[in-house]
Amino acid sequence: MCLTSLASRVHLVMGYNVIATAPAQLEPWMASSASWFIGTLLISLWFIVQAGSNSEGRSYDLHYRVWPLCTLWIACGPTAIIQLLRTASPDTSVFFTECIWFSLWTGISFASLNHQMLSDWLATRLRHAERTSLPIFLTCLTSACAAIYFFFQTRYYFDSFLLGYNDFGHFAIRVINSSRGNGLLRESPVLPTFWDHFNPGLLLLVPIWRIWPSENLFFALQAISLTSSSLIVFAIARRLGHSHWASMAWSIAWLAQPTLGQINIAYTYGWHPISLAIPGLLLAIWLTLRGQYAWASVAACLAMSMEEGVIVIVGLCLASMAGQVYLTNRFGRADPCWEKLTSVWPWLVSSCVCAVGFVAVYQLSGLADFQTGRFARLGTTASEIILSPISKPTLFWGEVGRWESFGFLMALLIPCYLPTLCFGWKWLIPTLLPLGVLLAWDHAPAKSITFQYSSTLLPLFWCATMSGSIIRQTSLSSAIGAVTTCLTLSTFLGLLPYSSPNLLDVVGRTYGTTDARKTGSEDNRWLTEQLQQISQDGGPVLATGRLAAHLISNGDIETVGQFLERIDAYTGLPTYGTMPLQHFHWIALDTMETFQQSQQQTLALEEMAYEQGFTLHAQEHSVVILRRN
């Protein structure tokens with residue numbers, strides 16, 4: 001009942017607020033049938049495991065029989081109390097932390113149950129299966145099913161005009177222009193190649209685009225990248241010393257974590273090349289654990305080529321490795337994972353190379369102004385920003401101490417199963433600086449699990465918790481605890497089939513409160529037909545954000561908001577002249593959409609187009625399509 005009560009609420013992953021949609025008495029019955037199913041499934045499994053363990057007739061300490069039940073009561077306690085208070089006083093507030101608390105203790109309950117009473121039961125029944133390929137097969141099957149779901153989920157958002165040109169179109173157009181010889185990774189003639197992110201690895205996608213010139217390529221790449229990482233998680237878990245079944249559970253937990261599903265849609269910003277860096281980082285870790293350092297370097301380089309932030313992560317990991325090797329040589333306390341490492345210098349030199357490389361990329365690629373501008377409150381230069389904790393303590397620590405920072409950390413770390421995450425602290429050292437940057441950043445998406453900013457930290461978090469469970473000697477129980485925590489928390493914060501809606505704010509910001517543009521609707525069919533005509537024409541096009549995402553195959557495309565911001569830069573360029581709007585053959589305006597431009601901007605551009613001789617081609621369902629004479 002607690003799960004379904006929480007599932008009936010809207011938990012927003014931007015800002016970490018919660019909205020109660022029904023009175024306390026009705027909340028459990030307002031949840032979706034899928035939420036009821038997952039809740040019933042989890043509690044049924046809990047009792048089946050309890051009964052199965054007890055039927056073995058072994059003697060267990062009474063404390064270990066009672067503790068799993070106590071933790072379930074602890075999980076439900078806060079929500080039950082708040083529900084009683086709301087029944088008496090309807091104005092009583094609900095809290096975002098309820099779902100976090102409930103998920104954490106539900107996972108601990110399952111882990112305690114398994115750890116104390118189920119291990120022997122599993123060992124006797126799965127002994128033969130452990131020697132077969134069944135866990136590997138199930139891991140691959142789960143990964144494949146997740147990839148298919150992620151792909152069609154993205155496709156649904158795209159077909160419903162809920163996927164924006166930012167970020168999906170930004171990066172896709174760079175691949176398309178490179179494929180057509182219109183400029184190496186060029187997005188716009190008025191911008192440097194790497195004006196926002198350093199991602200030369202996109203060139204690897206150019207030959208693939210020539211074979212499969214469709215937006216489905218990017219949707220498939222992201223889905224495969226995010227879900228195939230679970231196979232590498234399985235391999236890393238085996239290397240760390242987990243059994244096949246525990247490794248399978250860790251891989252399922254990876255897929256079930258709320259962050260992964262959120263990254264796939266990315267608050268409707270869509271595909272981002274950093275998703276390709278995640279399997280690269282995991283692969284580099286696995287190869288390093290195997291002692292294959294040359295191949296690990298190749299995997300790390302591929303990951304770093306997708307986004308400049310990955311260079312920082314890799315450099316910090318190498319520096320942390322150097323420190324661990326030094327302490328091992330000095331005090332003789334070797335971590336089993338790194339006991340073969342004896343020299344500090346290769347790691348230290350590699351870390352310095354990454355540091356120099358990042359500085360060079362930051363200063364020379366053209367992204368310095370853009371990225372530094374995001375920290376304008378803390379300083380105008382990199383040095384001022386670095387010293388801001390001392391020079392501007394009120395601003396810096398005030399930002400770090402906001403509720404959004406706390407909510408972000410909870411939503412990011414709780415799925416990794418906190419009881420063992422702490423024991424893998426050596427893996428967490430490289431994450432401290434990047435987390436500090438995200439927390440101090442006055443940029444709301446940086447503190448949201450639905451954006452890509454924290455995605456490259458996930459491999460280290462999961463390696464930490466898997467390593468911690470080995471240290472605690474709770475391999476299988478911790479893995480099951482992580483799976484349960486992730487499945488439960490994804491009910492509220494994830495984007496799995498049974499998850500409660502948590503992107504209603506972005507839908508509202510796009511089309512208001514209507515169900516406009518959804519797949520199968522009349523306006524969706526009409527709009528799709530119109531955009532197909534523009535796409536077939538292939539001419540330069542200017543469009544509002546959601547429409548522009550459907551016109552990337554035209555190559556020469558710009559969005560309304562960005563065009564108006566850069567109109568002075570466009571003026572005077574070849575083919576643009578003194579009236580840059582004349583460069584475009586088509587203008588497609590959705591006057592209802594306000595996510596990536598304001599309604600005032602759309603109306604202003606429409607008026608400008610009429611003044612410069614554009615004629616009306618089609619108008620219906622609040623969409624205006626103009627064509628140049």
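Counted over the chain, the DSSP beta bridges are approximately 65% antiparallel. At a probe radius of 1.4 angstrom, the accessible area of the chain per residue rounds to 41 square angstrom. Available extension along the chain between I471 and L432 is 11.9 nm, counting 0.36 nm per residue and deducting the alpha carbon span.
Here R86 sits with roughly 20 square angstrom of accessible surface, probe radius 1.4 Å.
Summarising the label geometry, the points placed 7 Å from Cα in the beta-carbon direction at S32 and A80 lie 2.8 nm from one another. Here's how it looks for A24: its modeled amide H is under 5 Å from none belonging to a residue 5 or more places away or on a different chain. Rounded to 0.05, the FRET efficiency of the E384 and I567 pair, given R0 = 35 Å and the Cβ-Cβ distance, is 0.65. Taking a ≥ b ≥ c as the square roots of the eigenvalues of the Cα gyration tensor, an a/c ratio of 1.5 or more together with a/b no larger than b/c marks the range 397-528 as oblate.
Among 179-192, 143-156, the peptide with the highest mean count of other Cβ atoms within 10 Å heads the list, and the full ranking is 143-156, 179-192. Counting only protein heavy atoms and using a 1.4 Å probe, the accessible area of M608 comes to about 50 Å². Give me the percent of the accessible area of the chain that comes from carbon and sulfur atoms, probe 1.4 Å, all protein chains in place. Carbon and sulfur atoms account for 65 percent of the accessible area of the chain. Roughly how tilted is helix 33-54, in degrees to the nearest 10 and between 0 and 90, from the longest Cα axis of the chain? Helix 33-54 sits at roughly 20 degrees to that axis. Summing charges over all other residues whose Cβ lies under 14 Å from the Cβ of T528, with Lys and Arg as +1 and Asp and Glu as -1, gives -2.
Can you work out the FRET efficiency for the pair R330 and V356, with r the C-beta to C-beta distance and R0 = 30 Å, to the nearest 0.05? After rounding to 0.05, the efficiency reads 0.65.
Compared with the dominant Cα axis of the chain, that is its longest principal axis, helix 308-331 is turned about 30°. Charge tally for A284 (other residues, Cβ to Cβ under 15 Å; Lys, Arg +1; Asp, Glu -1): +1. Measuring between their Cα centroids, the range 509-550 and the range 438-457 lie 30 Å from each other.
The values are calculated or read from the model by the stated rules, or taken from the named source; none is laboratory data. Predicted, not measured: the structure shown is a model, and the values here were computed from it. Quick reminder, even Gly has a Cβ in these numbers, built from the backbone with ideal geometry, and neighbours come from all protein chains shown. Protein only, heavy atoms only, side chains kept; ligands, DNA and RNA dropped before computing areas. Shrake-Rupley method; radii C 1.70, N 1.55, O 1.52, S 1.80 Å.
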